[in-house]
Structure formats: C-alpha cells, structure tokens
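> One structure, pasted below without further comment.
The numbers here are math on the coordinates, done by the rules we state, and not lab data. All figures in this text were calculated on a predicted structure; none of them were measured in a lab. Methodologically, a virtual Cβ is constructed for each residue, glycine included, from the backbone with ideal geometry; neighbour enumeration extends over all protein chains shown.
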Amino acid sequence: MLPVVVVHGGAGHIPKERSEKSTSGVCSAARAGYTILQGGGSSMDAVVEAVSELENNPSFNAGCGSVLNVKGEVEMDAIVMDGKTLGSGAVSAVRNIANPVQLARLVMDKTSHACLTAEGASLFAQAMGVPQVSQESLITDYSRMRWKKNLAPDANPVACQMGKMGTVGAVAVDSEGNIACATSTGGMLNKMEGRVGDTPCIGCGGYADNKLGAVSTTGHGEAIMKVTLARLILFHMEQGQSVEAASDLGLAYMKSRVGGLGGVVTVDPQGHWAARFSSLQMAWAAVQKDTLHYGLYAGEHFTQDNNPH
C-alpha cells in the first residue's frame, strides 16, 4: 500500500500573476497532507489538513479568499467523506468560519447528520467551540474588486468566473488502505444569496469508498450536480477503468451532456492517482514515495524530491 495525497486548487482560468501562487499553494498543501500520512496519520487527517491549508491561503476560492455573493458577502460550502464507513459530513452557506472543512468533519464525527446549513451550521459551530471570525477577515481586495467588476451592467458572466478558480480539494490513501476526500469552496462569483453548489453534495463535490477510490471535484457546480461527477467517475472505476480513464470519461460526459467544464483529483485503493481537467487550467499537486508531482496546464507534469533537507 503506497500512501498518497493529491490536491487541487480549482479548475478555471488563472491570470499569469496569480498562477505561481496557486502552484506553490497546492504543493505546500500536498506536502502538509503527506507529512501526516508519513507520521502514521489517517487519510481523513491528511485531506482535512491539506484543505485547511488551502482555505487559509488567500490565493484560493475557499475560506479566506472566497468569492463574494451578489450582496458582497461570503457563503462557503465544504464536505468530507470517509471511505471506510462511508461516513460523511458537510456544511453549506456558512459564514464567519475560517475553516469550513473542519466544521464539515465535526458534522461527520459529532452528529448523526450528513449536512448542516447556514444558521444551523453556525449554531453547531458555536456549540463545538469553533471560533467565529469576522466576515472582513475572509474577504480579500481581489475578491472585492472582482465582485464590483461583476456588478457592472455590461459584465460578461463567463469572463466573470475567470481569474477566480473554483473549489479546493484533496483525496488520500493511507498506509492502512483507508481512503478519504475533502472539498471546500466559496462558491460562484456573484451567486444569489443562499446558492449552494456541488461541493457539499455527496457524490458531486466528493465521494470516497475504500472499495472503489475517492474523487474531489471542481468546476461549474450546477453541471457537476447534474451528472453527480464524483460518483460517476467511481462508477467507471467499478467497471474496471483506471483512475485516469475514469476521470476523463466523467469529465467528457459532463462536457458533452451539459456543457460543463471542471477538474478532479482521483485515487484508487492501490494508491494509483490522477489529476484531470477539461478547463483551461487546474493547479494540482500530489506526493507519493517522497516525490512531489505538480502541474497547472493540460499535459504538464513536473516532479521534484519531496525531502525537506
């Protein structure tokens, strides 16, 4: 069994001046997740650590750096899933929380439910002693600038989504063969208040099953939901497809059937992994056997030694 962690920083189009930060961010998150696996930690610990690090990085659309809804506010979604038990926890439309992925894990661990939303999620966070943060602390100048540009009557809704990548996520296999996924997002730029996308929906934003593998998705949320992309890819793996072929089949179906673009990171129980996308770019990174793998454009695959020395 080869422990592995694979992360993505969102599918979409990243302006040149932001792409370096995106690449270094996913590399750093993958390293953090792998350090946990090396120390004997669980795949769940690893994916939550990796995604928390991306939530704390203002370069990504999750946690601090989330895009703003039409009212100029932050509403975030997140999910975790444990492949051993099929246990899952999710939160949707949450505000004033620095790390929604950690709240999603608490939903899985401390309640009998799979998803808590908005005010209810906020009350649960308070009950769990999760500190509230000010909305201002989650809003970057970049997000505010994008929001303002988008309110203009002549704004192009497609160009609007550019420059702010989607969701962040991670999948991992640990040394015991347990598999997990985690996904977190600020959602869609200038979305309606209360809009919830694919991220917190099981089988859409993510899915993990020790028998099949795990997937974390990113891209156009409404399209991902229509084809339950994460579960669709695992269905192809059930049919004997490789992680790479299954990922490509799922993404191709979403594009042809509903015109949606996106990206995924995928693992199987043996530790084979893939990072695939139909969008122009997706920042991704993986660590396995002390090698760091990463890329941003289609066909890119760089490697370097992951030893800190």
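> Gap in Å between the Cα centre of region 1-37 and the Cα centre of region 172-237?
So the two Cα centres are separated by 17 Å.
> Sort 302, 124, 60, 277 by Cβ crowding within 10 Å, fewest neighbours at the top. Spell out each step's value before the answer.
Working: 302 12, 124 19, 60 32, 277 28.
Ascending Cβ contact count within 10 Å gives the list 302, 124, 277, 60.
> Is there a pair in 148/226; 84/110; 110/191 whose C-alpha atoms are over 21 Å apart, and which pairs would that be?
Over 21 Å apart, Cα to Cα: 148/226; 110/191.
> When DSSP beta bridges are limited to those with both residues in region 48-174, what percentage is antiparallel, rounded to the nearest 5? Spell out each step's value before the answer.
Values: 6 of 9 bridges.
Beta bridges within region 48-174, antiparallel portion: roughly 65 percent.
> So, one more: For region 4-305, what proportion of DSSP beta bridges, expressed in % and rounded to the nearest 5, is antiparallel? Before the final figure, lay out the partial values.
Details: 55 of 59 bridges.
Antiparallel: roughly 95 percent of the beta bridges in region 4-305.
> Counting helices only, and only those DSSP H runs with n ≥ 4, report the 222 nm mean residue ellipticity of the chain as the sum of -39,500 (n - 2.57) divided by its residues, in deg cm²/dmol to the nearest 500.
On the way: 9 runs with 106 residues, N = 309.
Mean residue ellipticity, 222 nm, calculated: -10500 deg cm²/dmol.
> Sticking with this structure for a sec: Add +1 for every Lys or Arg and -1 for every Asp or Glu among the other residues with Cβ under 11 Å from the Cβ of residue 232, and state the total. Kindly include the intermediate steps, with their values, before the conclusion.
Numbers: positive: 226, 231, 257; negative: 238.
The answer is +2.
> Another question about this same structure. How many nm separate the modelled label positions at residue 56 and residue 238, each set 7 Å beyond the Cα in the direction of the Cβ?
3.8
> Further, regarding this structure: Any idea which of 294, 11, 81 is furthest toward the positive side of the dipole for the chain, if Lys and Arg beta-carbons carry +1 and Asp and Glu beta-carbons -1?
11
> Give me the dipole magnitude in Debye, nearest 20, for the chain about the Cα centre, with unit charges on the beta carbon: positive for Lys and Arg, negative for Asp and Glu.
Details: 23 positive and 28 negative charges, 147 e Å.
Dipole magnitude for the chain comes out near 700 debye.
> Hydropathy at least 0.0 by Kyte-Doolittle, axial extent at least 20 angstrom from the Cα trace: which helices of the chain, defined as entire DSSP H runs, fit?
Working: long enough: 16-38 (34 Å, -0.59); 243-258 (22 Å, 0.29).
Span-like helices in the chain: 243-258.
> Please give the net charge around residue 271, taking every other residue with its beta carbon less than 10 angstrom from that of residue 271, where Lys and Arg add +1 and Asp and Glu add -1. Don't skip to the end; give the middle numbers.
Details: positive: 289; negative: 174, 268.
Result for the local shell: -1.
> Give me 273, 284, 147 sorted ascending by neighbouring Cβ count inside 10 Å, so fewest comes first.
Exposure proxy ranking, most exposed first: 147, 273, 284.
> Would you please name the GluC sites (Glu not before Pro) within region 50-84 that are DSSP coil residues with at most 16 other C-beta atoms within 10 Å of their C-beta?
Numbers: sites: 53, 55, 73, 75; in loops: 73, 75.
For GluC sites (Glu not before Pro) across region 50-84 that sit outside H, G, I, E and B with at most 16 neighbouring Cβ atoms in 10 Å, the list reads 73.
> Starting with the fewest neighbours, write out 301, 113, 8, 236 ranked by other beta-carbon atoms found within 10 Å of each beta-carbon.
Working: 301 10, 113 13, 8 33, 236 20.
Ranked by crowding around the Cβ, least crowded first: 301, 113, 236, 8.
> Once each part is reduced to its C-alpha centroid, what is the distance from region 264-282 to region 47-65 in angstrom?
With region 264-282 and region 47-65 each reduced to a Cα centre, they are spaced 19 Å.
> Here's something else I'd like to know. Evaluate the relative contact order of the chain (contact order divided by residue number), counting alpha-carbon pairs under 8 angstrom at least 6 apart; express in whole percent. Please report the intermediate quantities before stating the final value.
Numbers: 882 pairs, mean separation 78.4, N = 309.
Relative contact order of the chain: 25 percent.
> Please compute the modelled spin-label separation between residue 289 and residue 226, points set 7 Å along Cα→Cβ, answer in nm with one decimal.
4.1
> Positive end of the charge dipole of the chain (Lys, Arg +1 and Asp, Glu -1 on Cβ, about the Cα centre): tell me which of 56, 121, 140 has its Cα farthest that way.
Value computed over the given set: 140.
> Separate question: Are there any trypsin sites (Lys or Arg not before Pro) in region 234-305 that are in a DSSP loop and have at most 13 other Cβ atoms within 10 Å? List them by number.
Values: sites: 255, 257, 276, 289; in loops: 289.
Passing sites in region 234-305 are 289.
> I would also like to ask the following. So how strong a dipole does region 1-159 carry about its Cα centre when Lys and Arg Cβ are +1 and Asp and Glu Cβ are -1, to the nearest 20 debye?
Values: 13 positive and 15 negative charges, 50 e Å.
Here the size comes out at about 240 debye.
> Classify region 225-309 as rounded, prolate or oblate from the Cα gyration tensor: take a ≥ b ≥ c as the square roots of its eigenvalues, call it rounded if a/c is under 1.5, otherwise prolate when a/b beats b/c and oblate if not. The partial results should precede the final answer.
Numbers: a/c = 3.02, a/b = 1.59, b/c = 1.90.
Cα axes put region 225-309 in the oblate bin.
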